[in-house]
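Q: Here it is, the structure, as structure tokens.
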Protein chains: 12
Amino acid sequence: MASVFEYKEVVGISIESVEAAIQEGLTEVSADYQVAWFEAVSIRGRMVDEKTTEYQVTLKIGCRPK
Amino acid sequence: MASVFEYKEVVGISIESVEAAIQEGLTEVSADYQVAWFEAVSIRGRMVDEKTTEYQVTLKIGCRPK
Amino acid sequence: MASVFEYKEVVGISIESVEAAIQEGLTEVSADYQVAWFEAVSIRGRMVDEKTTEYQVTLKIGCRPK
Amino acid sequence: MASVFEYKEVVGISIESVEAAIQEGLTEVSADYQVAWFEAVSIRGRMVDEKTTEYQVTLKIGCRPK
Amino acid sequence: MASVFEYKEVVGISIESVEAAIQEGLTEVSADYQVAWFEAVSIRGRMVDEKTTEYQVTLKIGCRPK
Amino acid sequence: MASVFEYKEVVGISIESVEAAIQEGLTEVSADYQVAWFEAVSIRGRMVDEKTTEYQVTLKIGCRPK
Amino acid sequence: MASVFEYKEVVGISIESVEAAIQEGLTEVSADYQVAWFEAVSIRGRMVDEKTTEYQVTLKIGCRPK
Amino acid sequence: MASVFEYKEVVGISIESVEAAIQEGLTEVSADYQVAWFEAVSIRGRMVDEKTTEYQVTLKIGCRPK
Amino acid sequence: MASVFEYKEVVGISIESVEAAIQEGLTEVSADYQVAWFEAVSIRGRMVDEKTTEYQVTLKIGCRPK
Amino acid sequence: MASVFEYKEVVGISIESVEAAIQEGLTEVSADYQVAWFEAVSIRGRMVDEKTTEYQVTLKIGCRPK
Amino acid sequence: MASVFEYKEVVGISIESVEAAIQEGLTEVSADYQVAWFEAVSIRGRMVDEKTTEYQVTLKIGCRPK
Amino acid sequence: MASVFEYKEVVGISIESVEAAIQEGLTEVSADYQVAWFEAVSIRGRMVDEKTTEYQVTLKIGCRPK
């Protein structure tokens with residue numbers, strides 16, 4: 001029975017929404033790891049132009065190697 | 001004049017969005033309490049499958065008995 | 001070369017979504033300042049009625065006078 | 001021997017003083033619970049008018065059912 | 001499908017160990033609630049006598065009514 | 001409908017009480033802004049002499065231009 | 001020129017007010033040290049009886065030996 | 001002389017004790033790294049059944065490749 | 001009636017358990033002071049060898065001179 | 001007697017040192033304000049090239065209009 | 001367009017200065033990763049002898065594989 | 001084998017650099033104690049004049065009586 005998880009901390013980025021940025025981060029980490037849970041520890045971003053905002057969501061992801 | 005509010009702390013869960021998870025938590029508490037304000041104190045979640053993410057938003061809700 | 005940024009802290013408000021509330025705050029500050037980055041430091045809100053939630057997102061915005 | 005306390009978190013409100021707001025919160029909770037200790041975790045408020053300030057003190061109260 | 005959990009915050013107390021104090025808190029809450037998870041948010045205590053230490057562990061417990 | 005508030009952070013100072021120091025800060029900011037709410041984020045001070053203590057209360061004030 | 005201060009951390013206690021509890025702490029430390037500044041880092045307390053509240057204010061005091 | 005350490009963050013899990021959970025995390029990381037020090041940053045868990053509690057201890061581990 | 005407590009902050013160390021490390025710290029301080037309460041503010045440590053872990057528990061101890 | 005200070009929060013930037021970045025921030029604010037004190041609340045930066053690091057120091061500056 | 005960054009957390013060590021310790025950490029990570037930004041999250045150290053201080057700076061480094 | 005360290009918290013002050021301020025604090029405490037490690041918990045200061053900045057670094061120092 002696996003009894004240890006590790007944390008990966010990444011920043012997912014999207015110009016669509018906070019949820020899309022979270023999804024970017026999860027997709028990246030789930031390529032190599034089995035993702036068990038995550039926490040969004042900060043929501044940052046920048047204005048790309050007047051109508052476009054880039055969301056940068058820092059995720060701590062609890063995972064195990066696949 | 002009522003001069004005391006109490007805090008309820010709940011976790012609202014949704015596979016749609018952060019906002020839908022917040023709404024789940026507010027709806028639950030507003031069944032028995034008059035909700036005055038809330039704060040989202042953490043955004044957590046898990047991957048249900050490759051395309052579905054479950055959002056778990058912890059809310060501190062300032063309220064009074066109805 | 002400009003070597004100092006200042007922080008403005010504002011609360012953007014919207015009944016649509018967290019992202020719309022962030023946009024409100026950014027739009028206000030970008031009228032007078034060149035916005036370089038932001039961080040959403042708290043997500044609060046209140047129930048307007050049973051179906052409507054007001055999101056109040058506090059932003060720290062790194063910027064420079066235009 | 002009772003070996004568990006629970007926490008109640010409330011906001012006591014008063015236009016007189018921080019201490020009066022604390023007293024409001026303690027009185028409310030002590031109606032139903034035996035209050036063992038408290039901590040004032042935030043002091044907030046608003047201006048009612050130019051001369052009157054409302055103090056809103058959030059209390060975490062360690063208590064047991066009476 | 002139940003989509004909301006609530007938090008109960010209690011202090012479990014024991015003169016045996018940190019783990020026994022945690023167990024005290026969990027047992028109390030699990031009488032009325034289905035306990036899903038907990039976090040030990042502080043470990044405090046006092047000296048009962050030279051050889052005996054009382055552990056007071058504050059738990060935030062995620063749970064649902066049974 | 002105005003949908004953005006800004007934060008002003010000031011230190012109110014008084015030798016009378018914590019409440020008087022809060023009032024100093026609120027009065028200053030309310031000269032130019034409509035004050036909506038405040039939070040006292042730190043209470044500091046110094047001894048002026050053996051019988052006199054100066055209270056320095058840092059306030060974060062949510063406000064809008066008048 | 002003295003270029004080092006030390007911190008003393010004490011809990012001042014009073015049944016009168018937060019300010020009186022602060023004064024208790026400052027008086028104790030100023031017996032042996034020259035007090036330069038203080039910060040009130042927590043406000044706790046307990047109910048002595050229905051009408052009496054004991055305030056326990058933790059102070060970090062910047063000081064030098066007299 | 002090696003002058004850089006890296007941090008690994010893992011969650012050690014055990015149904016025996018907090019110390020056993022810490023040991024699980026250390027053993028895992030020490031397979032590939034020379035462990036220099038650790039900090040237990042959170043103690044979480046869940047009830048497996050009425051008599052069994054699972055401890056989940058998050059560790060930040062300062063280490064170097066072996 | 002003594003109305004001031006002071007804080008001592010120490011690190012208790014043991015290769016047995018978190019509780020034994022706490023006891024080390026309390027015993028040291030209780031030689032010169034009457035210990036009223038404590039809080040374990042961090043749990044750190046190091047691997048002495050593959051089977052031995054040293055626990056280093058930082059304690060804030062509320063106390064008065066004996 | 002002036003009894004209110006305000007906080008300005010800025011980011012000073014320099015490729016020389018942390019101290020030079022602090023000086024940048026202080027110089028900017030002291031053009032329009034009388035600076036009373038500051039706190040460096042974060043030290044961030046980026047690599048400009050292999051040999052050059054840019055330091056970005058966030059300062060909270062207590063000040064008054066000149 | 002790459003839309004995910006990862007965080008590496010390291011401790012850079014130097015007996016020269018805080019900046020040199022930061023440089024140590026950045027150099028190590030930039031061997032294998034493209035460093036985008038960093039934050040110095042703690043400054044610790046020890047006295048090597050009466051005249052020599054070792055600085056240990058913990059860095060969170062936002063980066064991408066080269 | 002000594003198994004307890006105590007913490008001293010001091011503010012080292014220098015007009016030269018952050019490192020010189022740290023050195024001031026360490027030198028003071030090492031007169032009476034064997035210094036094992038330190039952490040710089042805040043960097044504050046003030047402008048002495050246009051060209052001179054005073055750095056005030058708060059240190060938590062782990063030590064034992066000599």
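No value in this document is a laboratory result; all are computed from the given coordinates. It should be emphasised that the depicted structure is a prediction, and the values quoted were computed from it without experimental measurement. Cβ placement follows ideal geometry from the backbone for every residue including glycine, while neighbour counts extend to all protein chains displayed.
Q: State which residue is farthest from residue I:25 (Cα to Cα) when the search covers only the stretch L:19-66 and only residues that are under 8 Å from the mean Cα position of the chain (by Cα) and more than 9 Å from every other protein chain (Cβ to nearest Cβ).
A: Top of the filtered list is L:59.
Conditions (1) of a type in the set (Asp, Glu); (2) farther than 18 Å from residue H:6 by Cβ, marked per residue:
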residue	(1), (2)
K:14	no, no
K:17	no, yes
K:24	yes, no
K:28	yes, no
K:36	no, no
K:39	yes, no
K:43	no, no
K:66	no, no
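Q: So is residue G:16 over 13 Å from the mean Cα position of the chain (by Cα) and under 19 Å from residue F:15 (Cβ atoms) or not?
A: The answer is yes for residue G:16.
Q: What pairs can you find where one residue is in the stretch J:13-26 and under 17 Å from residue K:39 (Cβ atoms), the other is in a helix (DSSP H, G or I) and among the small types (Gly, Ala, Ser), and their Cβ atoms are less than 7 Å apart, with a gap of 6+ or different chains?
A: Matching pairs, first to second residue: J:13/J:21; J:14/J:20; J:14/J:21.
Q: Select from the stretch H:36-52 the residues that are surrounded by fewer than 21 Cβ atoms within 10 Å (Cβ to Cβ) and either in contact (Cβ under 8 Å) with a residue 60 or more places away in the chain or part of a strand (DSSP E or B) (or both) and list them in ascending order.
A: Selection gives H:36, H:37, H:39, H:41, H:42, H:44, H:46, H:48, H:49, H:52.
Q: Considering only residues of the stretch J:5-35 that are in a helix (DSSP H, G or I) and among the charged types (D, E, K, R), which is surrounded by the most Cβ atoms within 10 Å (Cβ to Cβ)?
A: J:19
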